[in-house]
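The next block holds one structure in the form of structure tokens; read it before the comments.
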């Protein structure tokens, strides 16, 4: 079962509430979510971090679980490092937020 557009949009909206603890911008707007899908058993997320040694991975995982709790499925996050995250992946809204925070990209 592949995720339908409505469910995908609802999940993405909820993931906008997951804020990167270091940058203060959502993981969606930072472009950290590479793939979002669902099968009969679980929600599948491929994502990355702004850098591989980020010490706040557990916080982000917990926040994702909280954000998607209402979908009533376990969440499997696969951390991927290719392609390597870079600032070109940040949404326009994310760029505006980073600029407002004094982090120019």
Of everything in the stretch 12-40 that's in contact with a strand residue (DSSP E or B) (Cβ under 9 Å, 6 or more places away or on another chain) and more than 22 Å from residue 56 (Cα to Cα), which residue is surrounded by the most Cβ atoms within 10 Å (Cβ to Cβ)? 38
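So is residue 72 under 25 Å from residue 5 (Cβ atoms), surrounded by fewer than 12 Cβ atoms within 10 Å (Cβ to Cβ) and touching a strand residue (DSSP E or B) at 6+ places or on another chain (Cβ under 7 Å) or not? Steps first, please.
On the way: under 25 Å from residue 5 (Cβ atoms): yes; surrounded by fewer than 12 Cβ atoms within 10 Å (Cβ to Cβ): yes; touching a strand residue (DSSP E or B) at 6+ places or on another chain (Cβ under 7 Å): no.
It is false that residue 72 is under 25 Å from residue 5 (Cβ atoms), surrounded by fewer than 12 Cβ atoms within 10 Å (Cβ to Cβ) and touching a strand residue (DSSP E or B) at 6+ places or on another chain (Cβ under 7 Å).
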From the list 45, 60, which residue is surrounded by 15 or more Cβ atoms within 10 Å (Cβ to Cβ) and either at positive phi or without any contact (Cβ under 8 Å) to a residue 40 or more places away in the chain (or both)? 45
Being in contact (Cβ under 8 Å) with a residue 24 or more places away in the chain, assigned to a helix (DSSP H, G or I) and either within 14 Å of residue 24 (Cα to Cα) or touching a helix residue (DSSP H, G or I) at 6+ places or on another chain (Cβ under 9 Å) (or both) is the filter here; which residues of the stretch 67-100 pass it? 67, 70, 71, 93, 94, 97, 98
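No value in this document is a laboratory result; all are computed from the given coordinates. Small disclaimer: the values here were computed from a predicted structure and weren't measured. No Cβ is skipped: glycine too gets one built from the backbone with ideal geometry, and neighbour counts run over all protein chains shown.
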